[in-house]
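Single-structure report; data block below.
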């Protein structure tokens with residue numbers, strides 16, 4: 001074989017035979033390694049049990065309290081008007097907004113001279129009517145004596161005895177007396193008085209003003225009591241012992257108590273009152289009932305409970321036994337709770353909700369005292385699911401349970 005032929009054969013070997021040989025050795029080595037390996041030890045996966053917080057249900061007596069708010073209004077507020085015409089000749093120094101006045105205190109005087117003249121004229125009318133009645137009676141007596149002397153039979157004619165004239169004179173006398181009483185009342189009305197113990201809200205006239213009947217003079221509100229109109233949901237009425245539709249009893253201890261509070265001059269202040277009645281209709285827009293709270297002697301305490309104040313109200317309702325107050329976060333889907341049993345497994349229970357507060361819920365039935373209620377959020381709760389628990393309400397404490405055992 002010539003030298004060129006040898007080179008060609010060697011090149012052919014490098015191009016085809018050597019790669020096949022290397023590939024075969026690699027495949028053989030791979031098979032050998034696979035067959036000689038030791039299989040790994042199988043370890044079952046651990047199931048992680050969620051750590052949750054809980055609340056222990058405790059039965060107790062509970063007083064239902066309904067929170068609401070409203071604006072204070074005076075129990076009595078009046079706009080006082082003039083009853084007689086005339087010019088104002090005197091105004092009390094107390095007739096200023098914010099000043100306290102007493103019942104019957106004179107606040108305005110209207111010029112009384114015309115009414116004194118009317119009284120004198122009315123007195124003259126009474127005297128004239130009295131004289132005429134006396135004359136008619138005298139004439140009737142003379143006529144009766146004359147008829148008796150004539151010895152006529154039967155009964156005398158009423159016209160002869162001047163019976164109609166006497167009746168007319170008596171009616172004129174009564175009318176004259178009524179005119180005198182009217183004139184005296186008009187004279188009394190020239191002195192405008194406070195109708196009750198109160199505080200002046202505003203003065204509407206000044207000295208020298210001419211007024212007529214019906215002219216507004218001033219506004220006044222009472223200080224003996226104030227009232228607050230409180231909106232309440234109709235479902236909350238079941239827990240309030242509402243008073244009857246009649247007048248409120250003198251003894252108010254039987255009426256539902258209400259505590260009013262507000263911020264005044266940078267401080268939290270409060271007043272005690274009672275629910276005295278409910279309005280006779282439901283608001284058609286809000287579907288709310290309105291209760292009227294009344295506070296007696298609102299100006300006896302410092303600071304006073306001024307009309308116009310916006311206050312928060314807390315109504316004390318019925319007191320019931322054997323109910324459960326639980327955190328609101330324990331409620332699921334509006335009517336269910338999840339109970340954690342003694343083996344730390346979950347069970348769903350339906351409960352009777354009596355009332356929902358801002359942070360808690362009152363339960364009437366469906367759970368028992370001592371049961372632990374789930375507070376933590378679990379995306380999917382499975383019946384009998386295993387959990388671990390922290391201390392009561394999620395406080396740090398010993399955990400119960402651990403990894404779930406198969």
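The values are calculated or read from the model by the stated rules, or taken from the named source; none is laboratory data. These numbers were taken from a predicted model, which means no experiment stands behind them. Note: ideal-geometry Cβ built from the backbone for every residue, glycine included; neighbour counts use all protein chains shown.
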Report task. Kindly indicate whether residue 396 is modelled with pLDDT under 90 and in a loop (DSSP other than H, G, I, E, B). Result -> yes
Query raised in the report: residue 244 fails exactly one of the following numbered conditions: (1) surrounded by 12 or more Cβ atoms within 10 Å (Cβ to Cβ); (2) more than 23 Å from residue 103 (Cβ to Cβ); (3) modelled with pLDDT under 95. What is the number of that condition?
Result: (1)
Requested in this report: Please work out which residue is farthest from residue 389 (Cα to Cα), limiting yourself to segment 83-95 and to residues that are more than 37 Å from the chain's Cα centre (by Cα) and in a loop (DSSP other than H, G, I, E, B).
Outcome: 85
Query raised in the report: Which one is surrounded by the most Cβ atoms within 10 Å (Cβ to Cβ) among residues in segment 141-153 that are outside any helix (DSSP H, G or I) and at negative phi?
Result: 152
Report task. Tally the residues that are part of a helix (DSSP H, G or I) and within 30 Å of residue 197 (Cα to Cα), restricting the search to segment 102-140. Result -> 3
Report task. Hey, can you tell me all the residues within segment 298-332 that are within 15 Å of residue 357 (Cβ to Cβ) and free of Cβ contacts under 8 Å to residues at least 40 places away in the same chain? Result -> 328, 331
Query raised in the report: For the subset of segment 260-269 comprising residues that are exposed (fewer than 14 other Cβ atoms within 10 Å of the Cβ) and not in a loop (DSSP other than H, G, I, E, B), which member is farthest from the chain's Cα centre (by Cα)?
Result: 267
Query raised in the report: From the list 296, 334, 272, 279, which one is surrounded by fewer than 16 Cβ atoms within 10 Å (Cβ to Cβ) and not assigned by TED's automatic domain parsing to the domain that holds residue 237?
Result: 334
Report task. Would you mind telling me which numbered condition in (1) surrounded by 13 or more Cβ atoms within 10 Å (Cβ to Cβ); (2) modelled with pLDDT of 95 or more; (3) outside the structural domain of residue 214 (by TED's automatic domain parsing) residue 170 fails? Result -> (2)
Requested in this report: Looking only at segment 26-55, count how many residues are exposed (fewer than 10 other Cβ atoms within 10 Å of the Cβ) and either modelled with pLDDT of 75 or more or within 30 Å of residue 384 (Cβ to Cβ) (or both).
Outcome: 6
Report summary line: Expected single match for in the same structural domain as residue 218 (by TED's automatic domain parsing), within 27 Å of residue 228 (Cα to Cα), outside any helix (DSSP H, G or I) and touching a residue at least 12 places away in the same chain (Cβ under 8 Å) among 98, 70 is 98
Query raised in the report: What are the residues in segment 154-167 that are surrounded by 15 or more Cβ atoms within 10 Å (Cβ to Cβ) and not in a helix (DSSP H, G or I), if any?
Result: 156, 161, 162
Query raised in the report: Just for strands (runs of 3 or more DSSP E) wholly inside segment 279-340: which have at least 1 residues that are under 25 Å from the mean Cα position of the chain (by Cα)?
Result: 288-296, 310-327
**Report entry** Count of residues meeting criterion [in contact (Cβ under 8 Å) with a residue 60 or more places away in the chain and part of a loop (DSSP other than H, G, I, E, B)] in segment 345-356
**Finding:** 0
